[in-house]
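The values are calculated or read from the model by the stated rules, or taken from the named source; none is laboratory data. Everything quoted here is computed from the prediction, not taken from an experiment. All Cβ positions, even for glycine, are placed from backbone atoms using ideal geometry, and neighbour counts span all protein chains on display. With ligands, DNA and RNA removed, areas are computed over all heavy atoms of the protein, side chains included. Shrake-Rupley method; radii C 1.70, N 1.55, O 1.52, S 1.80 Å.
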Amino acid sequence: MSSLPRRTSRSRLSGLVLPLVAGLLVLPLAACGSDDAAEETRSDDAAGAEDFEPVTVEHAFGATEVTERPERVVTWGWGTPDAVLALGVVPVAMEKLSYGASEEGFMPWQEEAFEELDAGQPTALTPGEAPPFEEIAAAAPDVILASYSGITEADYDKLTQIAPTVAYPDEPWSTPWRDVITTVGEVLGQDEEAEQVLADIDADVAAAAEAHPEFEGTSIAAVAIDPGAFYVYSAADPRVQFLEDLGFTVAPSVDELDTGESTFYYTLSTENVDRLESDVLLSYAATQERADEIAEDPTYQTMEQFQEGHVATVAGEAVVSSVSPPTALSLTYSLDTFVDALAGAVSTD
C-alpha cells in the first residue's frame with residue numbers, strides 16, 4: 001500500500017492547542033507584572049466572552065438558547081464528546097463507554113486528545129438507558145450536549161433543569177455525524193473551526209481515495225457476522241457512506257435483498273448469503289479470533305467473495321466502533337486500517 005499524505009486527528013488538535021498553550025504561558029508573566037497587565041488580561045477574557053453570539057438550536061424537543069460561551073460542557077451519547085475535543089475543549093463529564101474502550105471508559109482516540117490537550121480525563125458518567133442526572137448536576141455544566149443519543153422528552157425536561165440541553169434534531173440515534181460536529185461548533189461559538197474539522201477529514205479520505213484508484217467503481221457489501229445472525233448494512237448507514245467516499249459503489253444485491261428491517265441494516269438468512277454478490281465484501285469482527293472463525297465457517301464458503309479472496313476483514317472493537325458511526329476524531333484514527341484491508345481485497349488484475 002502506498003503511503004498516504006494525511007493529517008491525523010492529533011495534528012488537527014495541535015493547531016487548536018498551540019494558541020491555548022501560548023496563552024497559558026503568558027499568565028505567569030502577567031502575574032509577575034504590573035496591575036495594568038493583569039487588568040489587560042481580564043479585559044481580553046471579557047472581550048472573548050463578548051465575541052460569542054447567542055445561538056438558538058432547534059431539536060426534537062423544541063429549541064435551546066445558549067446566550068454565553070459554554071466553558072463547562074457535559075456530553076451524553078456517541079460522537080458529541082469527540083466533536084467537543086476536536087474543537088479544543090475537554091468535557092467536564094461524558095458517558096462512560098465499554099465496547100472498544102479503556103477500563104476508564106474512553107476510546108483510544110479520546111485518550112490521545114486528552115494527552116494532546118494536556119488535560120486530565122473527564123468524569124466518566126455511569127451509562128444506562130437514562131442519563132445519571134445527579135452525576136451530571138454534580139459536574140455543574142454550562143451546557144449539556146446530547147446530539148446523538150437516545151434521551152426521551154422526560155429525560156430532556158430533567159436535564160434542562162440542570163443546564164441548557166441540546167437534543168437530536170429528529171429521531172434518537174440518527175443524527176448524521178457531520179451534523180453532530182456542526183451543531184457542537186455552533187453551540188461553542190466555533191462554527192468556522194467545525195467546518196475546518198470536516199474539511200480536514202474530507203481531505204484525509206480524498207487522499208486515501210486518490211492513492212487507490214482501484215477503489216473507484218468497485219462494488220462492495222458491508223456486513224457484521226455474529227454466531228447467530230448475518231447483518232448487512234444498507235446504503236443509508238454511515239459505514240457504507242464512508243466506503244462510497246473512498247470510491248466504492250454499493251453492490252446492487254444489497255438493495256435487492258433488503259428486508260426493510262430497519263433504516264440502516266437488515267438480517268440475511270444464512271441460506272441466502274451466497275446471493276449477496278459484490279466485488280468486495282467488508283466484514284466487521286470484534287476480535288481476530290472471531291474473524292478467523294468466520295473465514296473457516298463452511299456456511300460462508302458458499303459466498304463467491306470468500307472463494308476468490310475478496311474479503312476485507314476489519315477486526316477489533318475500537319476499529320469497528322470508529323465508523324459506527326464516524327466521529328470528528330475516530331474516522332481518521334482508523335482510516336489506514338480500513339484502507340489496508342480494502343486494498344488487499346480489491347483485485348487489480
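For segment 83-198, the per residue solvent-accessible surface stands at 43 Å², with DNA, RNA and ligands left out and a 1.4 Å probe. Overall, the accessible surface of segment 269-349 at a probe of 1.4 angstrom is composed of carbon and sulfur to the extent of 40 percent.
Using θ = phi - 60° in the Karplus curve 6.51 cos²θ - 1.76 cosθ + 1.60, the 3J(HN,Hα) couplings for segment 242-256 round to 4, 5, 5, 4, 7, x, 6, 10, 6, 4, x, 5, 4, 6, 5 Hz; x is entered for Gly and Pro. Computed over all pairs of different Cα atoms, the Kirkwood value for the hydrodynamic radius of segment 137-183 is 11.1 Å. Note that segment 156-228, at 37 °C in a medium of 0.692 mPa s, gets a Stokes-Einstein diffusion coefficient of 206 µm²/s from its Kirkwood radius over C-alpha pairs.
All other residues with a Cβ under 13 Å from the Cβ of A315 taken together, and with Lys, Arg as +1 and Asp, Glu as -1, what is their net charge?
Details: positive: R290; negative: E289, D292, E293, E317, D340.
Around A315, the surrounding residues sum to -4.
Placing unit charges on the Cβ atoms only, positive for Lys and Arg and negative for Asp and Glu, gives the chain a dipole magnitude near 380 debye about its Cα centre. Each helix, a run of at least 4 DSSP H residues, gives -39500 (n - 2.57); summed and divided by the residues of the chain, these come to -13000 deg cm²/dmol at 222 nm. Can you find, among A199, A209, I136, the residue farthest towards the positive end of the dipole of segment 120-231? Put +1 on the C-beta of Lys and Arg, -1 on that of Asp and Glu. Farthest towards the positive end: I136.
When the Cα convex hull of segment 256-318 is projected onto planes of every orientation, the mean area is 4.8 nm². Largest mean-square fluctuation among G189, G150, G62, in a Gaussian network model of the chain whose springs join Cα atoms under 10 Å apart, belongs to G62.
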